[in-house]
1. Per residue and in Å³, how big is the convex hull formed by the alpha-carbon atoms of the stretch 3-64?
2. List the residues whose amide H sits under 5 Å from the amide H of Trp48, counting only those 5 or more places along or on another chain, with H placed 1.01 Å from N in the peptide plane.
3. Kirkwood hydrodynamic radius of the stretch 28-82 from all distinct Cα pairs, in Å?
4. Between the stretch 28-57 and the stretch 134-170, how far is it from one alpha carbon centroid to the other, in angstrom?
5. Once you have the Cα-Cα distance between Ser40 and Arg173, take 0.36 nm times their residue separation minus that, and quote the gain in nm to one decimal.
6. Output ³J(HN,Hα) for the stretch 27-37: one whole-Hz value per residue in order, computed from phi by the Karplus curve 6.51 cos²θ - 1.76 cosθ + 1.60 with θ = phi - 60°, and x for Gly and Pro.
7. Can you list the HN-Hα couplings for the stretch 60-66, worked out from phi with the Karplus curve (6.51, -1.76, 1.60; θ = phi - 60°), rounded to whole Hz and with x for Gly and Pro?
8. Short version: what are the Cα gyration tensor semi-axes of the stretch 1-117, square root of 5 times each eigenvalue, largest first, in whole Å?
Amino acid sequence: MTGESLDVLAGELDRVLAERPVDPVAAAAVLERAVAACRSDPAAADRWHEPELLDELVDVYEQLGRTDDAHAAMRSAIAAGCRGRPDGRCRIAELLMRAGRVAEATPLWNQVKAETPDDVWLYNNAGLEYAALGDDAAALMWLTDGLELALATGDPERLVDQLLDLRGGVLSRLGRSADRMQTRARQFLDQPTPARHRSSAPPPRRSAARDSTMPGPPAASPFRRPRIPTERPDREPPGSTTPDEATPGGPCGHSRWPGSRSTSTRTLCVAGPS
């Protein structure tokens, strides 16, 4: 692509993603072109971060009901260097579960748990997805493990409140009363804030542009939920955003986006060292 062609594509990307509501068909088309440009043109690869574009495509494809395409795009994002919390395979598991393919999703959840047992977001997301499907027994298992982990570590991700509410709802639907875990969590939340470990900053958000100083970065997409990134040593720290309050399950550190059935967070695709 010429520099002028890239500018035209960047302008289209800005325009399509800035529309309210976003047209998912148009968004998919322009994002696909941007991904193709990144793969064929070094200038485009310098301008945009391919895993971020693919990450946007996952959201758009899900809006369109293109589950297999969304699954493939997330796999490509992971292969291209997508890193974050929870592991990107959790997003694939979410897609599969929302398409009714629970048997395919279950091994992914378990695999990620075996590899990242200390990631509280894994338990949060899995619990939300199982609860959304009405499998409250499985949801209780995941949410209990997540709440136990959050309490044991001092709640650095600020998830105890949400996990407490979500778990309470599951217990109620199962016809069970509040248990010792619920009591422990309430007592934890009643402590003065300085006595509890807190994250130093809210979850950051990134656009698909590689560098904020470059012209024409894509606009923030309404399909995107704020996510937790891992460190990317070769990039400047991203700006932060104030977490929104979720609709179901009480306060949540992440906003709900159109078409989402849950308040779960998911991976922010950031590249590892070049």
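1. Working: hull volume 4.2 nm³, N = 62.
So the per-residue Cα hull volume is 67 Å³.
2. Hits under the 5 Å cutoff: Arg210.
3. Over the stretch 28-82, the inverse of the mean reciprocal pair distance is 10.9 Å.
4. One Cα centre to the other: 37 Å.
5. On the way: separation 133, 0.36 × 133 = 47.88 nm, distance 5.22 nm.
Extra length available between Ser40 and Arg173 comes to 42.7 nm.
6. Coupling constants for the stretch 27-37: 5, 4, 5, 6, 5, 4, 5, 5, 5, 4, 5 Hz.
7. Residue by residue, the stretch 60-66 yields 5, 4, 5, 4, 8, x, 8 Hz.
8. Over the Cα atoms of the stretch 1-117, the ellipsoid semi-axes are 29, 17, 10 Å.
No value in this document is a laboratory result; all are computed from the given coordinates. Note that the structure is a prediction, hence the values are computed from the model and not measured.
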